[in-house]
Amino acid sequence: MAKHAVEANFDGLVGPTHNYAGLSWGNVASKSNVNAVSNPREAALQGLAKMKRLADRGYIQGVLPPHERPHIPTLEALGFNGTDAQILAQAAKSSPSILAAVASASSMWTANAATVSPSADTDDHRVHFTPANLSAKFHRSIEHRVTGRMLKSIFADEGYFAHHPALPSVNHFGDEGAANHTRLCGRYGEPGVELFVYGQIAFNEQAPAPKKYPARQTLEASQAIARLHGLKDGHLVFAQQNPAAIDAGVFHNDVIAVGNGNTLFYHEQAFLDEQRMLSDIRARLTGVELETVRVSSADVPIADAVASYLFNSQLLNAPDGMLLAVPGECRDVPTVSKYLDKLLASGGPITSVEVFDVKQSMRNGGGPACLRLRVVLNDDELKAMHRGVILTDALYERLITWVETHYRSELAREDLADPMLLEEVRKALDELTGILGLGSIYDFQM
């Protein structure tokens with residue numbers, strides 16, 4: 001019997017080392033802003049403002065803390081030694097690119113943190129979590145251990161929640177988390193269809209694949225997660241991302257498509273076999289009809305979709321339909337702005353559009369949807385989780401004060417070797433885990 005459930009969004013709090021190192025090949029925005037001076041304080045405040053606006057509208061909004069960066073244990077594993085200051089100095093001198101990688105604040109994009117399957121879909125009727133291995137990028141591949149600790153701390157009750165380790169960190173099982181996973185359903189507490197989108201079939205070299213940029217998600221990884229989560233065929237659709245879209249800068253499916261409830265909003269160039277995918281979803285979706293909002297290249301060229309991050313928006317239930325939460329860049333790109341006006345006049349399922357300022361994140365290649373991990377929870381599961389990370393007015397004010405106390409207003413790439421920055425980060429995170437009540441989740445706390 002279906003239970004009442006809600007979709008909670010857990011946003012990544014932007015970390016104190018937010019910087020523009022241009023680490024993500026295939027992510028056009030990341031590369032185009034390389035070596036610009038960042039403003040970590042502004043970035044974190046922009047992220048918190050986005051969370052607060054959604055919480056004020058009645059959405060369940062959680063906060064996921066940033067990771068410890070620069071990550072000294074990774075540098076030690078790579079042969080740098082001595083005190084923390086000596087390790088940072090060695091890395092800055094001989095391997096500045098490695099230092100930039102272990103100092104990345106990329107954990108802010110929690111759409112990549114994990115794949116989550118609600119209890120309504122799983123064999124054992126628990127919520128299942130698998131942290132993404134993010135093996136395609138070194139700077140992200142070091143995230144999953146702390147991500148796993150964090151999720152276990154928040155969702156600790158084994159009667160309601162099941163946690164799996166990340167998949168093997170090799171290209172054959174490249175997993176980018178919920179950025180390539182969408183759940184479609186009637187009501188959140190009812191069984192749904194989990195759409196896994198992959199970029200390539202790793203064990204079939206003859207299968208279609210992008211030529212310019214790497215495909216980060218494999219079919220094999222998606223299938224493994226479905227097995228781990230106890231998902232059956234009636235809850236599953238696997239679809240391949242269009243290789244041409246990946247080569248156009250669509251490094252994750254959430255840059256070209258977003259779904260919510262029974263609605264899929266996507267660009268016509270998003271999927272390799274669009275009709276088969278839609279047919280498979282319709283065959284498995286029970287109790288409700290699939291609604292599609294298909295955007296043509298004539299309305300929005302794929303380059304404009306990538307530049308504006310139109311699809312890297314949050315699609316949320318609203319009293320009169322659905323709300324599309326878009327980055328401000330969507331109103332800066334003429335074709336996209338015109339399309340949004342047309343969308344609102346269409347009488348379709350998307351009935352409102354709200355603009356959010358997340359420029360600091362956008363310049364590094366992540367929009368509103370990148371910043372959040374979606375977790376469907378029924379009433380019992382919501383009570384069972386750790387509530388200290390749910391944004392309230394009091395927590396919001398506390399986090400604003402925390403950011404303004406600990407974050408720098410400017411950060412350049414050469415600052416990453418400053419041992420004082422590491423000290424500032426650890427002091428801030430130690431205080432933050434106390435504020436959120438998470439216990440010891442960082443390596444320096446253990």
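The values are calculated or read from the model by the stated rules, or taken from the named source; none is laboratory data. In this text the structure is predicted, and so the values were computed from the model without any measurement. So basically every Cβ, Gly included, is an ideal-geometry build from the backbone, and we count neighbours across all protein chains shown. Heads up: the accessible areas ignore ligands, DNA and RNA and are worked out on the full protein's heavy atoms, side chains in. Shrake-Rupley method; radii C 1.70, N 1.55, O 1.52, S 1.80 Å.
What to note about this one:
- Inter-probe distance in nm under a simple model that places probes 7 Å from Cα toward Cβ, at I400 and D357: 1.4
- Per residue accessible area in Å² of the chain, where ligands, DNA and RNA are left out and the probe is 1.4 Å: 37
- Portion, in percent, of the accessible area of region 119-215 that falls on carbon or sulfur, probe 1.4 Å: 50
- Extension gain, E158 to V37, is 39.2 nm, computed as 0.36 nm per intervening residue step minus the present C-alpha separation.
- A probe of 1.4 angstrom, applied to the heavy atoms of all protein chains, finds D341 with accessible area near 80 square angstrom.
- Cross-link reach is defined here as a Cα-Cα straight distance under 18 Å, omitting same-chain residues fewer than 8 places apart; for K212 the lysines meeting it are K31, K137.
- Where labels lie 7 Å past Cα in the beta-carbon direction, separation of I435 and K212 in nm: 4.1
- Separation of alpha-carbon centers, region 123-137 and region 406-429, rounded to whole Å: 31
- Ignoring lysines fewer than eight residues from K427 along the same chain, the ones with Cα atoms less than 27 angstrom from its Cα are K50, K52, K93, K152, K359.
- Extended-chain gain in nm, criterion 0.36 nm per residue less alpha-carbon gap, K93 and K232: 44.9 nm
- Charge context of T392, other residues only, Cβ under 15 angstrom, K/R +1, D/E -1: +1
- Value of D in µm² per second that Stokes-Einstein yields for the chain, Kirkwood Rh from Cα pairs, at 4 °C (1.567 mPa s): 59
- Taking a Cβ cut-off of under 13 Å around K383, the surrounding Lys, Arg, Asp and Glu residues balance to a net charge of -2, with basic ones at +1 and acidic ones at -1.
- Rounded tilt (10° steps) of 84-94 against the dominant C-alpha axis of the chain: 70
- Here the accessible area is traced with a 1.4 Å probe on the protein chains. For region 375-446, carbon and sulfur cover 46 percent of it.
- Local charge for A5 was computed over the other residues whose Cβ lies under 13 Å away, with Lys and Arg +1 and Asp and Glu -1, and equals -1.
- Distance between the 7 Å Cα→Cβ label points at R331 and N317: 2.8 nm.
- Region 138-196: C-alpha gyration tensor shape, a/c 1.5 cut-off, then a/b vs b/c: oblate
- Rounded, prolate or oblate (a/c below 1.5 giving rounded, otherwise prolate when a/b exceeds b/c) for region 308-446 by Cα gyration tensor: oblate
- Summed over qualifying helices (DSSP H, 4 residues or more, each -39500 (n - 2.57)) and divided by its residue number, the chain shows a 222 nm mean residue ellipticity of -9500 deg cm²/dmol.
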